[in-house]
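Structure, as structure tokens:
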Amino acid sequence: MNKHDEELELHLRPRATETVSIKIPTETLRSLEKVADNRDMTLEALLKFYIGQSLRRDLAKLFSERVLESTAEVLARHIESEEEILTIIQEIQAEATL
């Protein structure tokens, strides 16, 4: 049996979950239900998708902010000019958003 003939197996680890209750405006809920139906998803799956997507984006932003703060601290140990440090940090930010 070669590699291409082997079956792929997906092993999912169950994660602990908690039930939460939130109030959502009725119009928003109806819109969410329409989108979920259009995507052939349950409402719960769509909400988890949206939350996960936004959470990953926000965590990535927090991480990049931490990296920039650390970079500024390291630069400050080697460069005396605050203006030069700020210029470098702004250049890094500009490059990262391209």
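Values for this structure:
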quantity	calculated
Residue in the range 43-62 that is of a type in the set (S, T, Y) and under 17 Å from I24 (Cβ atoms) present	yes
Condition check for L29: part of a helix (DSSP H, G or I), of a type outside the set (F, W, Y) and within 23 Å of the chain's Cα centre (by Cα)	no
Number of the condition not met by K23 [criteria: (1) within 23 Å of the chain's Cα centre (by Cα); (2) at pLDDT 95 or above; (3) assigned to a loop (DSSP other than H, G, I, E, B)]	(1)
Hey, L46 free of Cβ contacts under 8 Å to residues at least 60 places away in the same chain and out of contact with any helix residue (DSSP H, G or I) (no Cβ under 6 Å at 6 or more places or on another chain) or not	no
Residues located in the range 35-47, provided they are surrounded by 10 or more Cβ atoms within 10 Å (Cβ to Cβ) and either more than 22 Å from the chain's Cα centre (by Cα) or modelled with pLDDT under 95 (or both)	D37
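The values are calculated or read from the model by the stated rules, or taken from the named source; none is laboratory data. Note that the coordinates shown come from a computational prediction; the quantities given were computed from them, not determined experimentally. With ideal geometry, Cβ positions are generated from the backbone for all residues, glycine too; neighbour counts draw on all protein chains shown.
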